[in-house]
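Notes for the one structure printed next.
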Amino acid sequence: MKIPISLTVNGDKFELLVAPTRKLVDVLREDLGFTGTKKGCGEGECGACTVLMDGEPVSSCLVLAPQAHGKTVVTVEGLESENGELDPVQESFMSKGAIQCGYCSPGMIMTSKALLKLNPHPTEEEVKDAISGNLCRCTGYQKIVDAVLDASEKRGR
Amino acid sequence: MSKVIYSSPENLKELFQLLEQDQAATLWAGGTDLTVKLENKKIKVSHIINLKNVKELDFITASETIRIGALTSIRKLETSNLMQTEYPLLAQASHGLGSWQIRTLATFGGNLANAAPSAETATPILVLNGTMIIKGKNTERKVPAAEFFRGPGQTVLKQGEVLTEVELPKLTSDFKSIYLKHSLRRSMDIALVGVACALRLDGDKCLEARIGLGAVAPTPIRVPKTEQFLTDKTLTTSMIAEASRLAVEECRPIDDIRATASYRRELVQVLVKRALTSLVKDGGSDENTD
Ligand SMILES: Cc1cc2nc3c(=O)[nH]c(=O)nc-3n(C[C@H](O)[C@H](O)[C@H](O)COP(=O)(O)OP(=O)(O)OC[C@H]3O[C@@H](n4cnc5c(N)ncnc54)[C@H](O)[C@@H]3O)c2cc1C
Ligand code: FES
Ligand code: FES
């Protein structure tokens, strides 16, 4: 049995049919083509699949597609402005060298966005706590923390 | 082509109708335990009943008692002002559960019904003497938290029943509470040992002690002998050390993939000592400002 669902992704409304056990991450990547969102472990452990659902960060590999019915989802593609300008958080990730292979970056950036919305000027500890569900195998985290703090300073100006 | 059925009731009435029609249906809340089990083929599902739209189960209310609906997210428990002031141990335990991404999805009821011996919110509920409200189509029963857990993954819930809320008595203002957890990684790892502790203090004298331990027995447990021992004692360093040794004797940890039983015993001793010490310190400073 396939279920009709409708959801808003990055401002556009989509209607589609999904199997009940299909995951939101697969719908985003395979059905809708938002491949910015990555899938690492598929079990909630790595954070690569983090998207914002109704403004809150979630592991999209744990969300059943039908449970996303009626929800508003933002993926990393949704951060870029209409004229192609990157989000300040994305700019900071690049300028601070917080991206190596880049696999964790979309998830890291989405969690960081959620943090900065809630807490525009977090401490280093608060940044570490917020992104502790996002694993990175390359950077050793410090540059990521620096990038989030940098983005928060830019806001202050 | 998937043959799995999906239903999404909007209220308890619809939910119980669905449960009556299909005994084999699976209640699906945040899905943070279930999705992982499904991915690993540890469970089979034929009919998913999504609980997330049963909004009447998503609430925190305070009057003579504090009631928390089963659908309340762990994130809400972690960030609720009421939890942070009334039950610091429950707010802290919630903060320690998984990652932000998990806590947004995960529910209180799911954590309790899943009944892992390490379940983060279970020991606080035991320590707070919570009452589980369990409803069926035309039934309602109240089960003390101490009787709810039956073994790893097992509770008193019967087919067709739903955990709808947990009712918690308020603590008097002379109670102090704390939750400590030790795991291999700081985030996203279940506890090797979890300690929930609430003390009623008069300065450094303990009027009442309640201690819950997670991941050291088939269910989350209280340690009554240790609690008894601490009652009416002045909490000196040596008294605290003796109590943490007693707590070790009361638990029954096992060797598993994460840690050996003897390492868990060490952790119980260290964490109980740390919890008691920090509560007495807090209590002492309160006394000074009185
Ligand atoms: C990466 C990761 C890290 C985790 N870390 C922790 C951790 O540190 N500490 C911890 O305690 N847990 C942890 N968990 C486990 C899990 O997130 C929690 O147990 C969570 O609270 C489960 O809630 P849920 O709503 O997602 O449950 P679900 O997966 O939806 O359900 C769990 C079980 O409860 C049943 N159920 C749900 N709601 C009800 C109800 N109202 N009435 C009756 N039955 C019901 C379901 O049928 C199912 O059997 C982790 C999980 C992941 C994936
Ligand atoms: S892919 Fe979802 S958390 Fe790893
Ligand atoms: S940059 Fe490679 S995993 Fe983080």
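Could you tell me whether the protein assembly as shown comes out rounded, prolate or oblate from its Cα gyration tensor? Rule is a ≥ b ≥ c as square roots of the eigenvalues, rounded for a/c under 1.5, then prolate if a/b exceeds b/c, otherwise oblate. Cα axes put the protein assembly as shown in the oblate bin.
Seen against the Cα atoms of chain B and their longest principal axis, helix B:237-250 is set at about 40 degrees. In this simple spin-label model, placing a label point 7 Å from the Cα along the Cα-to-Cβ direction at both A:Glu124 and A:Cys101 gives a separation of 2.7 nm. Distance between the modelled labels on A:Glu15 and B:Thr277, one decimal in nanometres: 6.4 nm (7 Å Cα→Cβ projection). If the chain linking A:Thr72 and A:Glu91 were pulled fully straight, counting 0.36 nm for each residue of separation and taking away their Cα-Cα distance, it would gain 4.4 nm. Against the longest alpha carbon principal axis of chain B, how many degrees, from 0 to 90 and to the nearest 10, is the axis of helix B:12-21 turned? The answer is roughly 60 degrees. In a fully extended conformation the segment linking A:Arg137 and A:Asp54 would gain 27.0 nm over its present Cα-Cα distance, using 0.36 nm per residue. If R0 is 30 Å, the Cβ-Cβ spacing of B:Glu14 and B:Lys42 corresponds to a FRET efficiency of close to 0.60.
Across chain A, the relative contact order, built from alpha-carbon pairs under 8 Å that are at least six residues apart, equals 23 percent. Across chain B, C-alpha contacts under 8 Å between residues 6 or more apart give a mean separation that, scaled by the residue count, equals a relative contact order of 15 percent. Peptides A:102-113, A:30-41 ordered by packing proxy, namely the average of other Cβ atoms within 10 Å per residue, highest first: A:102-113, A:30-41.
The modelled label-to-label distance between A:Cys41 and B:Glu249, using points 7 Å beyond Cα along the C-beta direction, is 3.9 nm. Listed by chain and number, the lysines whose alpha-carbon sits under 20 Å from that of B:Lys44, ignoring those within fewer than 8 places in the same chain, are A:Lys2, A:Lys23, B:Lys3, B:Lys158. In terms of packing, defined here as the mean over residues of other Cβ atoms within 10 angstrom, the peptides B:164-174, A:143-153 line up highest first as A:143-153, B:164-174. In plain terms, the chain from B:Thr236 to B:Asn81 could stretch by 52.6 nm, reckoned as 0.36 nm per residue minus the Cα-Cα distance.
Here, the stretch B:1-101 yields an orientationally averaged convex hull projection of 8.2 nm² when only Cα atoms define the hull.
For the stretch A:84-91, putting each phi into the Karplus relation 6.51 cos²θ - 1.76 cosθ + 1.60 with θ = phi - 60° gives couplings of x, 7, 6, 5, x, 5, 5, 4 Hz, in residue order, rounded to whole numbers and with x for Gly and Pro. Among B:Thr61, B:Leu180, A:Pro20, which residue has its Cα furthest toward the positive end of the charge dipole of the protein assembly as shown, with +1 on Lys/Arg Cβ and -1 on Asp/Glu Cβ? Going by the charge dipole, the pick is A:Pro20. Taken residue by residue and averaged, Cβ atoms of other chains lying within 10 Å of the Cβ of A:67-80 number 1.
Would you please give the FRET efficiency between B:Ile5 and B:Arg141, computed as 1/(1 + (r/R0)^6) with r the Cβ-Cβ distance and R0 = 45 Å, to the nearest 0.05? So the FRET efficiency works out to roughly 0.95. For peptide A:14-22, the mean count of partner chain Cβ atoms within 10 Å of a residue's Cβ comes to 3.
Bear in mind these aren't lab numbers, they're just calculated from the coordinates by the rules spelled out. These numbers were taken from a predicted model, which means no experiment stands behind them. FYI the Cβ positions are ideal-geometry reconstructions off the backbone, even for glycines, and counts take in every protein chain you see.
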